[in-house]
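The values are calculated or read from the model by the stated rules, or taken from the named source; none is laboratory data. The structure displayed is predicted, hence computed values, not measured ones. With ideal geometry, Cβ positions are generated from the backbone for all residues, glycine too; neighbour counts draw on all protein chains shown. SASA here: full protein model, heavy atoms, side chains in, ligands and nucleic acids out. Shrake-Rupley method; radii C 1.70, N 1.55, O 1.52, S 1.80 Å.
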Amino acid sequence: MPQVEIHGYAIVSDNDCIADASGHTPEMLRNEADWAYFQAELNKSAVTVLGRLGHEANPNPKRRLRLILSSSSPGLERRADGWWWDPAKVPWDTAIRTVLPEGGRIAVPGGRQVFDLFLELGYNAFHLTRAEGTHVPDGIPVFSGCQTGRSAEAILSERGLVPRERQVLDPAGKVTLAIWRPSSGNS
Ligand SMILES: NC(=O)c1ccc[n+]([C@@H]2O[C@H](COP(=O)([O-])OP(=O)(O)OC[C@H]3O[C@@H](n4cnc5c(N)ncnc54)[C@H](OP(=O)(O)O)[C@@H]3O)[C@@H](O)[C@H]2O)c1
């Protein structure tokens, strides 16, 4: 198994949503400082892992390597726009050994089912940005567990992560970041 580090990234509303009821990112969750932070993090990553809808919604002008989750993949398949992976057909260890044989940092920007999957596999860090004072009615939560009223923070802490670093990304927009890391270990 190559040496990898898995980093999740989400900007959420006060009610833990990443997208609105139609599956789109609402304006209230778009913030320049958060975007700049996220892009700088992607520059440090060897591959970006995302769901098909997020892949289709977000162009890839820098042609970063992507691993796209979709049930349409026969397992793991190289297409012009990236690797297409169905975790029900090919396990994570096999997929990542093929995509990143030398290992490296993995950026996971969601969406919900992808965040859920990596909760099971284990994050080395989860970069949780909150757009304070925002509420997305009937939106898509960052983790499925938020549907039962638990916060993103509660779910991360149930998985043994703790907030290690905090910063205000945008004081004007009240956009704050907490980086959650495993309570044991120094990854
Ligand atoms: N605020 C944020 O930080 C943030 C983060 C992420 C996304 N977003 C936004 O949220 C919206 C989309 O999020 P979303 O959660 O609705 O969708 P998504 O995760 O981007 O895409 C969902 C699709 O990914 C595939 N997929 C996901 N998990 C899979 C699995 N375990 N096995 C097989 N296929 C899997 C499926 O594709 P098939 O239908 O092809 O099987 C599924 O329909 C976009 O607008 C995106 O930009 C915002």
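Side notes on the structure shown:
- With 0.36 nm allotted per residue and the present C-alpha distance subtracted, the Glu32-Arg150 stretch has 39.7 nm of extension available.
- Here the chain has 50 percent of its accessible surface on carbon and sulfur atoms, given a 1.4 Å probe and all protein chains in place.
- Projected label distance in nm at Val168 and Asp86, using a 7 Å step from Cα toward the beta-carbon: 4.9 nm
- The range 1-91: antiparallel DSSP beta bridges as a percent of all, rounded to 5: 35 percent
- The Kirkwood radius of the chain, taken over pairs of alpha-carbon atoms, gives through the Stokes-Einstein law at 4 °C and 1.567 mPa s a diffusion coefficient of 77 µm² s⁻¹.
- Under the convention that each Lys and Arg Cβ holds +1 and each Asp and Glu Cβ holds -1, the size of the dipole of the chain around its Cα centre is about 540 debye.
- Pairwise Cα distances in the range 5-62 exceed 18 Å in 39 percent of cases.
- Cα lying deepest toward the dipole's positive end in the chain, options Cys17, Trp180, Leu65, charges on Cβ: Leu65
- Stokes-Einstein diffusion coefficient of the range 147-187, Kirkwood radius over Cα pairs, 37 °C, 0.692 mPa s, in µm²/s: 285 µm²/s
- A simple spin-label model places the labels of Thr98 and Glu158 3.2 nm from each other, with each point 7 Å out along Cα-to-Cβ.
- Each other residue within a Cβ distance under 13 Å of Thr134 adds +1 if Lys or Arg and -1 if Asp or Glu, for a net charge of -4.
- Of all DSSP beta bridges confined to the chain, the antiparallel ones make up roughly 50%.
- Viscosity 0.692 mPa s, temperature 37 °C, Stokes-Einstein D of the range 54-138 from Kirkwood C-alpha radius, µm²/s: 225 µm²/s
- Per residue, the solvent-accessible area of the chain (1.4 Å probe, heavy atoms of protein chains only, all protein chains present) comes to 51 Å².
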